[in-house]
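Enquirer: Take a look at this one; I'll ask things after.
The values are calculated or read from the model by the stated rules, or taken from the named source; none is laboratory data. Predicted model, so just to flag it, every value in this text is computed and none were measured. All Cβ positions, glycine included, derive from the backbone under ideal geometry; neighbour counts span all protein chains shown. Note: areas computed on protein heavy atoms with side chains; ligands, DNA, RNA excluded. Shrake-Rupley method; radii C 1.70, N 1.55, O 1.52, S 1.80 Å.
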Amino acid sequence: MIVNQQEIERKFLLKVRPDELLVGVRGEAIRQGYLLSGEAELRIRERAGICTMTVKRGSGLERFEQECPIPPEQFAMLWPLTEGRRIEKVRYVVSRDGLYYEIDIFEGPHAPLMVLEIEFSSREASREFSVPAFAQREVTEDKAYKNAALALDGLPTGVPVMGEDKKRKKKSKKAKK
């Protein structure tokens, strides 16, 4: 089944892991890689044993997405083609205030990045949303925090991510010496 949808989504960096929200919530490991990126993105994803291929267009608050399932064998065949353009994360989905909070805890080279994504039924609903206290700042319009950009370029430089920015700056200074 192919799913076409216009998604209205806001994205926030998290300053702390919201453990109180995650009590009893089981996270799902996600690995995804990008075959194409630019105006449109073509990604493959494995989430909880389900494999999909997705095309996304646009940026910011409102984007078009078309997704279809693919057999695990096709995912395995395509996965090597995404080398150097991948992300891995654990996603927790929490129902709160009539919305679904998707909390992504990134792993590997993207750790310790943590983001909150929330999809809305309308632009108006997205504007009326009250940002939770555990959110650091909104990055909906910041292209550096699109998953495809993270997969291609890594973590944005000079941006604090849960206190790890100082460590990254020290590492980059050592690398320059």
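Enquirer: Yes or no: the range 27-35 includes at least one residue that is of a type in the set (Lys, Arg) and either open to solvent by less than 70 Å² (accessible area, probe 1.4 Å) or in a helix (DSSP H, G or I) (or both).
Expert: No.
Enquirer: List the residue pairs whose Cβ atoms are under 6 Å apart, where the first residue sits in the range 22-40 and is at pLDDT below 95, the second is in a loop (DSSP other than H, G, I, E, B) and open to solvent by 70 Å² or more (accessible area, probe 1.4 Å), and the two are 6 or more positions apart or on different chains.
Expert: Within 6 Å, no pair qualifies.
Enquirer: Which one is surrounded by the most Cβ atoms within 10 Å (Cβ to Cβ) among residues in the range 57-110 that are among the charged types (D, E, K, R) and more than 17 Å from the chain's Cα centre (by Cα)?
Expert: This residue is ARG96.
Enquirer: Something else: Show the residue pairs that are 6+ apart or on different chains and have beta-carbon atoms under 6 Å apart, the first residue being within the range 85-97 and in contact (Cβ under 8 Å) with a residue 12 or more places away in the chain, the second being of a type in the set (Phe, Trp, Tyr).
Expert: ARG85/TYR34; LYS89/PHE106; VAL93/TYR100; VAL94/TYR101
Enquirer: Tell me which of these GLU39 doesn't satisfy, since it passes every other one: (1) surrounded by 14 or more Cβ atoms within 10 Å (Cβ to Cβ); (2) in contact with a strand residue (DSSP E or B) (Cβ under 8 Å, 6 or more places away or on another chain); (3) of a type outside the set (A, V, I, L, M, F, W, C).
Expert: (1)
Enquirer: When the residues of the range 130-160 are filtered to those that are of a type in the set (A, V, I, L, M, F, W, C) and surrounded by fewer than 14 Cβ atoms within 10 Å (Cβ to Cβ), which remaining residue is nearest to GLY98 (Cα to Cα)? Even if it seems obvious, please write down each step before you answer.
Expert: Restricting attention to the range 130-160, the residues satisfying the condition of being of a type in the set (A, V, I, L, M, F, W, C) are 131, 133-135, 139, 144, 148-152, 155, 159.
Next cut, surrounded by fewer than 14 Cβ atoms within 10 Å (Cβ to Cβ) only: 131, 133, 144.
Values: VAL131: 14, ALA133: 18, ALA144: 29 Å.
By that ranking, first place goes to VAL131.
Enquirer: Something else about it: In the range 134-163, which residues are small (Gly, Ala, Ser), modelled with pLDDT of 90 or more and farther than 13 Å from LEU13 by Cβ?
Expert: If the condition is that a residue be small (Gly, Ala, Ser), modelled with pLDDT of 90 or more and farther than 13 Å from LEU13 by Cβ, then ALA148, ALA149, ALA151, GLY154 are the ones that fit.
Enquirer: Sticking with this one: Would you mention how many residues in the range 113-124 are surrounded by fewer than 20 Cβ atoms within 10 Å (Cβ to Cβ) and within 13 Å of the chain's Cα centre (by Cα)?
Expert: So the count comes out to 2.
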